[in-house]
Amino acid sequence: MKNSSDLQEMKKKGEKIVMITAYDFSSAKCAEAAGVDTILVGDSLGMVVLGYDNTLKVTIEDMIRHSSAVRRGAPNTHIIVDMPYMSYHVSPIQAKENAARLFLETNANAVKLEGGSPSRLEAIAAIVDCEIPVVAHIGLTPQSVHRFGGYKVQGKEVKDYERIKEEALLTEKAGAFMIVLEGIPEKLGREISESLSIPTIGIGAGRYTDGQVMVYHDILGISDYTFKFVKKYQEISRMITEGIETYSEEVRTGLFPTKKNVYFPENDDLKK
Ligand code: KIV
């Protein structure tokens, strides 16, 4: 299993870091079998697994339940757990206590939190002070959806561009060992990646970040969301629906179950 230093070493060697989200035992098993470098149990689970409109209603208990399942499915992969909305916003003490719960109760390797404002930097420093590795996340931070007025690319105006760049530097200073850059212009993703010594992981942040993260359901064609920055590698939802349709048809027409699928078929001799 890779650790935070191994991921940092990858940046030094110019090796791209592969991160994908996973939310349960079976998705984690697939991610581990595919050999990803790190798995993020994102609070995006609120949208793609629980069906909420945004990530804000996800709780610490949701994150613990799903992350523990991911750890069982991927016992040998580095795992990062998202800190949900309002689990680190109140005070550095609240941030430490919740990070410790997520870290200890899920056996994850790190936690991630959103934002680069002064109070977020305090939260990062407080958690790192408890020996818990922290991943920062700036740019289009989904927990700020109401402040942003939707999921909009950030850093298009010069003032925001400079602020995001500054925030990235400050999260590194506060002790984050890696940073997710979401929904920003490619040039900004590149400049931040070149100016930081910690690895940058992009999602809609262009081609020059040190690694990429994608939401499992988006690249596999499970979610209904379509975004410019996503490439679909499979059409799993369609395959599942087709499978269920065939199953339904066979039940209705009596093609399933066949003799192969039943215990002690009626017209066979029972073994005594
Ligand atoms: O929750 C999540 O899946 C994330 C990624 C989009 C980076 O934070």
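At-a-glance table
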quantity	calculated
Alpha-carbon spread of the chain, three principal axes, descending order, Å	77, 38, 37
Cα-centred dipole magnitude for the chain, charges only on beta-carbon of K, R (+1) and D, E (-1), debye, nearest 20	280 debye
Rough spin-label spacing in nm, given labels placed 7 Å along Cα→Cβ, for ARG147 and ASN3	3.4 nm
Residues of type lysines that LYS11 reaches as a straight line, Cα spacing below 21 Å, ignoring anything fewer than 8 places off in the same chain	LYS2, LYS112, LYS165, LYS173, LYS187
In nm, spacing of pseudo-spin labels at ARG252 and LYS57 (7 Å Cα→C-beta vector)	3.3 nm
Ranked ASP210, ASP37, criterion: other C-beta atoms within 10 Å, fewest first	ASP37, ASP210
Vicinal HN-Hα couplings computed from phi for the range 37-45 (Karplus, 6.51 cos²θ - 1.76 cosθ + 1.60; Hz; Gly/Pro x)	7, 7, 10, 9, 8, x, 6, 4, 4
Charge-dipole axis of the chain as Lys and Arg at +1 and Asp and Glu at -1 on Cβ define it, positive-most pick from GLN94, ALA136, VAL48	ALA136
Euclidean distance between Cα centres, the range 38-105 to the range 206-220, Å	19 Å
The range 157-264 pair-distance distribution - Cα-Cα, 5 Å bins, rounded %	2, 11, 15, 14, 11, 9, 8, 6, 5, 5, 5, 5, 4, 1, 0
Residues ALA34 and LYS159, FRET efficiency given R0 of 41 Å [Cβ-Cβ distance, rounded to 0.05]	0.50
Local electrostatic count at PHE177 - Lys and Arg +1, Asp and Glu -1, tallied over other residues with Cβ under 14 Å	-2
Residue-averaged [θ]222 nm for the chain, counting only DSSP H segments that reach four residues, each worth -39500 (n - 2.57)	-13000 deg cm²/dmol
Distance in nm between pseudo-label sites at LEU50 and ARG238 (7 Å out along the Cβ direction from Cα)	3.1 nm
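Just so you know, all these numbers are worked out from the coordinates, no wet-lab data involved. Every value quoted in this text rests on a predicted model; they were computed, and no experiment measured them. With ideal geometry, Cβ positions are generated from the backbone for all residues, glycine too; neighbour counts draw on all protein chains shown.
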